[in-house]
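Some notes on the structure that comes next.
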Amino acid sequence: MNPTIDLLTRHRSIRKFNDEPVTTEMLHAVLEAGQAAASSSFLQGVTVIRVTDKQKRAAFKEITGGQPYVESAPVFLVFCADLSRPMRCCKAHGGTAAEGLTEQFIIATVDTALYAQNTVVAAESAGLGICYIGAVRNDPARTSELLELPRHVYPVFGLCLGWPAQDPEVKPRLPLSVMLKENTYSIDGEDTAIAAYDNVMRAYYAERTDNQKAQGWSEQMAGLLGKESRLHMREFLQSQGFLTK
């Protein structure tokens, strides 16, 4: 269609990077592109922390279950949803911020995701590779301690960034017919489409270079949603001033 659409549909997670550094100029350029993302009510409720300290990078490798690229990638960023800054501004102008609102949590989290995805697209357009790291939430309290996060800030995910040292296959997505509805939420035809997609994913997993397995997408959902995970997050978020009402 056009180069932008082609770029987006070629996205892969990169977990092996070469030793070439990412220049400060390049990093700032992709992060400034991230800032151009839409922001709910112009909250701009995001803070990005670059982790360069070697001991902290080693700690994040431990937190994330031993993912080596968290420690070795040229750039490791943690994207944080941040209500602390706008609340300080509210106070500076004589206001009293309402705290703990679920809606505030949603808009700060959405702002963070949009900022990060804009950054990712900008980075990939320049030839960089990326890998999102949701596992910083395995131990959000320790992540917050390492980053010295104040109240009303929480770590949403990490992001590894660097020049790719691998060329993995593109992972197939669900058919658009499953994702796109018209006027109402209808599941007509979904079972057949998902069954066909399961076959596509089994073939993809069997043929890909790394981490081969024999599993369809719907089977993965049984494993993913059939267990409770990160039950600590609600208590942690509430301790940070989120989701109390």
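The values are calculated or read from the model by the stated rules, or taken from the named source; none is laboratory data. Note that the structure is a prediction, hence the values are computed from the model and not measured. Please note: Cβ atoms are built from the backbone with ideal geometry, for glycine as well, and neighbour counts cover all protein chains shown. Surface accessibility is based on the protein's heavy atoms, side chains included, excluding ligands, DNA and RNA. Shrake-Rupley method; radii C 1.70, N 1.55, O 1.52, S 1.80 Å.
Would you point out the residue of the stretch 194-213, among those that are of a type in the set (D, E, K, R) and assigned to a loop (DSSP other than H, G, I, E, B), that is least open to solvent (accessible area, probe 1.4 Å)?
This residue is Arg208.
Name every residue in the stretch 40-73 that is hydroxyl-bearing (Ser, Thr, Tyr) and either surrounded by 18 or more Cβ atoms within 10 Å (Cβ to Cβ) or in a helix (DSSP H, G or I) (or both), in order of residue number. Don't jump to the end; show me each part of the working.
We begin by selecting, within the stretch 40-73, every residue hydroxyl-bearing (Ser, Thr, Tyr); these are 40-41, 47, 52, 64, 69, 72.
Passing the criteria: Ser40, Ser41, Thr47, Thr64, Tyr69, Ser72.
What's the number of the condition Phe76 fails, among (1) without any contact (Cβ under 8 Å) to a residue 12 or more places away in the chain; (2) open to solvent by less than 40 Å² (accessible area, probe 1.4 Å); (3) not polar (S, T, N, Q)?
With respect to (1) without any contact (Cβ under 8 Å) to a residue 12 or more places away in the chain; (2) open to solvent by less than 40 Å² (accessible area, probe 1.4 Å); (3) not polar (S, T, N, Q), Phe76 is out only on (1).
What are the pairs, 6+ residues apart or on separate chains, where a residue within the stretch 162-185 that is closer than 24 Å to Ala206 by Cβ and in a helix (DSSP H, G or I) has its Cβ under 9 Å from a residue that is open to solvent by less than 50 Å² (accessible area, probe 1.4 Å) and at pLDDT 95 or above?
Pairs found: Val178/Glu190; Val178/Ala193; Val178/Ile194; Val178/Tyr197.
Of all residues in the stretch 178-193 being open to solvent by less than 100 Å² (accessible area, probe 1.4 Å) and over 25 Å from the mean Cα position of the chain (by Cα), which is farthest from Trp217 (Cα to Cα)?
It comes out as Thr184.
Could we say that Glu145 is modelled with pLDDT under 95 and either open to solvent by 40 Å² or more (accessible area, probe 1.4 Å) or closer than 26 Å to Arg10 by Cβ (or both) here?
Answer is no for this residue.
I'd like to verify a number: residues in the stretch 214-226 that are surrounded by 11 or more Cβ atoms within 10 Å (Cβ to Cβ) and under 20 Å from Pro168 (Cα atoms), how many?
Looking only at that region, the number is 3.
Give the number of residues within the stretch 20-79 that are of a type in the set (A, V, I, L, M, F, W, C), under 22 Å from Glu145 (Cβ atoms) and in contact with a Pro (Cβ under 7 Å, 6 or more places away or on another chain).
Counting residues in the stretch 20-79 that are of a type in the set (A, V, I, L, M, F, W, C), under 22 Å from Glu145 (Cβ atoms) and in contact with a Pro (Cβ under 7 Å, 6 or more places away or on another chain) gives 1.
For the stretch 95-134, which residues satisfy the criterion of being exposed (fewer than 14 other Cβ atoms within 10 Å of the Cβ) and outside any helix (DSSP H, G or I)?
Residues satisfying the conditions are Gly95, Thr96, Ala98, Ala126, Gly127.
What residue, among those in the stretch 218-230 that are under 19 Å from the mean Cα position of the chain (by Cα) and part of a loop (DSSP other than H, G, I, E, B), is nearest to Ser144 (Cα to Cα)?
Per the criteria, the residue is Arg230.
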